[in-house]
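Undergrad: I have a structure here, written as structure tokens, and I will follow up with some questions on it.
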Amino acid sequence: MTLLPLPVLTAPTAAGKSSLALELARQFDLEIVSADAFTVYRGLDIGTAKPNRADLRRVPHHLIDVADVTENFDVAQFVTLAQNALQDILNRGRIPLVVGGTGFYLSALIRGLPLTPPSVPAEREAVEQDLQRRGLDALLLEIEQVDPAEARRMERNPRRVVRALEVYRRSGRFPGQFGYSTPAFQYAVTAFTRPPEELEERMRQRTQAMLAGGWPDEAGWLAAQVDPDADPRPTAWQALGYREALGVARGELSVPEATERIFLATRQYARRQVTWMRSQLGVPVVTPQAAQQALREHLKNW
């Protein structure tokens with residue numbers, strides 16, 4: 001029997017993809033494979049909107065709590081673990097559903113990993129020093145002058161910028177120009193969002209609830225494990241909103257100030273996510289209701 005493309009559900013942050021995935025999982029007896037860059041970390045529960053313990057008990061989840069916050073978990077590790085989880089689920093006669101909004105992770109899973117040369121520590125350090133001296137905008141401009149699409153793909157992530165320039169200065173090519181490995185599976189992607197006003201209200205309410213629910217304490221715990229000012233910036237501290245939550249914990253920001261800053265950053269990130277879904281995945285971005293219907297039709301064929 002020919003294996004159907006594996007279902008993938010993606011949406012911008014706060015759109016409700018986790019709740020939709022849980023509903024579908026209960027209807028079709030699915031196992032969820034998370035494609036989120038920060039729910040992989042043990043201890044980052046509130047600020048990452050990680051599924052709660054009751055949901056994790058009800059529906060099997062994979063790639064949740066697989067790394068310590070002191071580790072720099074990367075996309076290659078994600079793809080390896082995700083493909084292993086998918087194969088294991090299929091071997092047991094179960095149906096997997098990939099759920100997440102981290103574009104870099106989903107792209108690597110669906111298209112394959114970039115066949116980029118390995119990092120050279122001395123050359124990486126030279127770019128990191130350049131970043132400290134000239135700033136992120138200057139380095140992004142350097143990339144944009146050669147390849148505007150590559151600059152957009154960086155999503156203002158300093159680690160990606162450093163990696164891209166390290167490779168470019170050595171080879172004359174950016175990481176994405178080296179081609180990709182062959183994906184282990186084929187995928188059927190469903191993407192959805194909500195009207196901007198509705199999505200923004202959900203963002204604001206979720207931010208307020210997380211700050212009231214212990215996020216500042218969680219950020220304080222993270223700071224005790226990993227220095228937020230370490231150079232280069234630790235991966236765990238790249239999670240959206242944790243610096244602002246730490247500001248609340250330290251008395252440097254009021255809750256309303258932190259809420260507004262996190263909301264604005266979340267809104268910008270969500271816009272980038274929707275742009276990525278359309279431009280990089282090339283799929284229509286539909287309503288939650290249409291997404292649910294499309295996935296139901298796909299899953300009925302298993």
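Undergrad: Using only the Cα atoms, work out Rg/Rh for the chain, with Rh taken as the Kirkwood radius, to two decimals. Kindly include the intermediate steps, with their values, before the conclusion.
TA: On the way: Rg = 19.4 Å, Rh = 20.3 Å.
When Rh is taken as the Kirkwood radius, the ratio is 0.96.
Undergrad: To the nearest 0.05, how large is the calculated FRET efficiency for SER119 and ASP68 if R₀ is 25 Å and r is the Cβ-Cβ distance? Working shown, then result.
TA: Working: r = 21 Å, r/R0 = 0.86.
Step by step, r from the Cβ atoms, then E = 0.70.
Undergrad: Under the rule of -39500 (n - 2.57) per DSSP H run of 4 or more residues, summed and divided by the residues of the chain, what mean residue ellipticity at 222 nm is obtained, to the nearest 500 deg cm²/dmol? Show your work: numbers first, answer last.
TA: Details: 13 runs with 160 residues, N = 302.
Calculated mean residue ellipticity at 222 nm is -16500 deg cm²/dmol.
Undergrad: Using a Debye calculation, one point per C-alpha and no hydration shell, please list log10 I(q)/I(0) for segment 121-177 at q = 0.13, 0.17, 0.26, 0.27 Å⁻¹ in order.
TA: -0.25, -0.44, -1.08, -1.16
FYI, it's all coordinate maths here, none of it is from the lab. None of these values were measured; they are calculated from a predicted model. Heads up, the Cβs are rebuilt from the backbone with ideal geometry, glycines too, and the neighbour counts pull from every protein chain shown.
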